1. Pick out the one residue from A:217, A:268, A:290, A:282 that is among the hydrophobic types (A, V, I, L, M, F, W, C) and over 21 Å from the mean Cα position of the chain (by Cα).
2. Check residue A:342 against each of (1) under 28 Å from residue A:377 (Cβ atoms); (2) touching a Lys or Arg at 6+ places or on another chain (Cβ under 7 Å) and name the one condition it does not meet.
3. As an exercise: evaluate residue A:215 against (1) buried (at least 21 other Cβ atoms within 10 Å of the Cβ); (2) modelled with pLDDT of 95 or more; (3) under 27 Å from residue A:339 (Cα atoms) and give the number of the one condition it does not meet.
4. Which of the residues belonging to region A:362-389 are closer than 27 Å to residue A:344 by Cα and among the basic types (Lys, Arg)?
5. For region B:1-22, what are the residues that are in contact with an Asp or Glu (Cβ under 7 Å, 6 or more places away or on another chain) and of a type in the set (A, V, I, L, M, F, W, C)?
6. Which residues, counting only those in region A:171-193, are buried (at least 20 other Cβ atoms within 10 Å of the Cβ), more than 14 Å from chain B (Cβ to nearest Cβ) and either part of a helix (DSSP H, G or I) or of a type in the set (A, V, I, L, M) (or both)?
7. Among the residues of region A:132-143, count how many are under 15 Å from residue A:196 (Cα atoms) and facing chain B (nearest Cβ under 7 Å).
8. When the residues of region A:318-337 are filtered to those that are in contact with a Cys (Cβ under 8 Å, 6 or more places away or on another chain) and part of a helix (DSSP H, G or I), which remaining residue is farthest from residue A:196 (Cα to Cα)?
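The values are calculated or read from the model by the stated rules, or taken from the named source; none is laboratory data. Computed from a predicted structure; not experimentally measured. Cβ atoms come from the backbone with ideal geometry, glycine included; neighbour counts cover every protein chain shown.
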Amino acid sequence: MPESRKLSIRVPILTRVEGEGALELDIDNGAITHLKFSIFEPPRLFEKLLEGRDCQEVPDITARICGICPVAYQMSAVHAAEMAFGVTISPWARDLRRLLYCGEWLQSHALHIHLLAAPDFLGFDSALAMAKIFPHVVKRGLTLQGLGNRLMRVIGGRSVHPVNTCVGGFYAAPPVAEMQALRVELAAAQEEAYELVRWVARLPMPADEQDFVSVALQHPDEYPFNEGRIVSDAGLAIDSADYAQHFEEFQVPHSTALHAHLHGKAYLVGPLARVNVLHEQLPAHLLALLAGSGVQFPSRNMFHSMAARALEIAYCIDEALRLLDSYTLPDQPYVAFTPRESTGFGCTEAPRGMLWHRYDFHADGTVKTARIVPPTSQNQARMEQDLHQSLHAFGLDNDDAALRLRAEQVIRNYDPCISCATHFLRLKVTRT
Amino acid sequence: MKTAIIGIGSPFGDDQAGWLALDALQQETWVKAQEAAGILTLQKLDRPGMSLLEHWHGYDHVMLIDAVISTQHAPGMLFKLQPEELALLEFPTSSHGFGIAEVLALGETLGLLPKQLDIWGVAVPFHNVDSNSLTTGIICTGVADVLDWK
């Protein structure tokens with residue numbers, strides 16, 4: 001009988017994920033009695049590895065933390081060092097960093113939407129199955145992802161773990177001819193990106209309103225990549241240097257990745273959080289693409305994350321075109337600096353959300369201590385909270401397969417590095 | 001006709017074997033000549049995933065060379081994989097690293113495969129990916145077979 005149903009879901013190894021994690025879910029008598037999203041990947045110890053390293057090595061070492069969002073790690077690292085050493089980069093380098101970040105958001109978001117998340121919403125069990133019915137959609141996604149990769153390759157030297165970023169700017173200026181060629185390709189894809197927003201916003205999405213706090217960087221003049229204050233839709237507005245006074249990282253027994261709270265509560269970072277907090281900074285013509293759909297921002301529906309991601313893809317195309325329009329070669333791609341004993345903070349917006357770094361440097365510019373707070377770590381507590389609420393709202397009396405699929409969808413909304421995968425939950429059900 | 005020979009690998013242990021094959025090919029005089037003439041490109045890629053579809057875009061003929069665990073071939077030997085063998089290639093464990101079989105399947109579905117696609121394996125004796133060096137004794141052999149296409 002449903003009312004006496006006991007369900008125990010143990011997913012000891014989440015397969016096809018970036019990282020190693022598991023899901024434990026017990027349902028007893030119509031209530032969730034136990035829910036843990038566990039991360040048991042061994043600690044990677046990057047913060048300790050950085051100790052003693054020269055500040056110019058930090059962007060290339062931290063880039064290795066992630067193959068999908070290496071630029072984010074580089075950006076937070078160089079901005080922290082530049083703050084510590086009092087370096088002001090040139091407007092040229094600032095623009096190029098925005099452009100590089102556009103590339104990373106494009107490839108990361110397009111990968112997530114087309115190869116990982118969208119099949120869920122249309123009832124396919126993989127991107128390959130979806131491609132058979134919607135080849136043009138998947139082709140469009142691969143085109144957009146490819147454009148992001150090319151931006152990273154031209155600016156960063158290569159698309160995975162780029163190598164051109166340095167404290168003070170860039171090691172080398174990308175050739176004008178290659179940048180102009182990119183501009184032509186981006187212009188050709190602009191309407192495709194707009195169409196993607198319309199398509200995603202009209203996908204069938206569960207109605208599941210939840211209460212959560214969105215946190216993002218806010219810059220007075222632009223949608224943020226590299227600079228801004230940390231703000232929330234609950235009134236927070238602080239400098240990145242004050243992060244540790246408001247945000248707490250803590251261990252939980254079931255995860256080797258730290259959880260994080262803002263003022264003692266779970267919070268959200270990432271595309272939906274950004275669009276929720278900053279939608280007024282997005283151009284009206286992009287927001288107009290949502291007209292007639294069921295999606296509006298700010299949104300309390302976590303399933304609208306994919307629409308936020310699509311909107312940011314369109315923004316990145318527009319922004320990249322704007323930046324490429326004025327691209328010229330600089331006299332010097334970087335500014336020289338003198339290290340000093342000091343502390344610096346870097347907070348930038350990775351595709352998956354705010355990425356905060358703090359470094360204490362010795363006088364010779366080597367790292368004394370490092371602290372890195374990635375977005376997936378910050379979202380973990382919110383993910384568990386969301387799983388609780390979403391599965392209740394969905395109905396715990398649904399069958400095992402339906403519950404598993406809903407749990408997967410919920411987790412994938414966050415595009416977590418630990419689980420940006422398709423159908424990675426293996427369900428083991430025991431009934432008593 | 002433009003041809004690309006793509007060596008797939010990673011810096012880990014025997015997974016470098018595809019790159020080793022490209023190094024061997026690079027020594028061939030006629031390879032250098034065809035590269036200079038702009039009709040042949042050699043590419044070493046580190047776990048390209050779906051970006052493989054980009055890397056072979058614009059080429060009529062593509063030859064992929066990747067490490068394959070085989071005890072039936074001498075270590076380092078190149079051998080052509082048959083289409084039915086491709087289905088046996090392992091799918092990856094990470095979403096961040098789509099495997100060759102998935103890329104080929106998606107490429108076929110979307111009509112993004114080159115007109116002619118050959119896949120070559122470089123035999124490695126066991127799953128040695130835990131060190132930075134190749135299994136002792138692996139020397140790429142059979143490059144001449146790969147060149148039969150010309």
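1. A:290
2. Among (1) under 28 Å from residue A:377 (Cβ atoms); (2) touching a Lys or Arg at 6+ places or on another chain (Cβ under 7 Å), the lone unmet condition for residue A:342 is (2).
3. Every condition holds for residue A:215 apart from (3).
4. Passing the criteria: A:368, A:371.
5. Of everything in region B:1-22, those that are in contact with an Asp or Glu (Cβ under 7 Å, 6 or more places away or on another chain) and of a type in the set (A, V, I, L, M, F, W, C) turn out to be B:1, B:8.
6. The answer is A:173, A:179, A:186, A:193.
7. Here the count works out to 4.
8. For region A:318-337, the residue satisfying everything is A:323.
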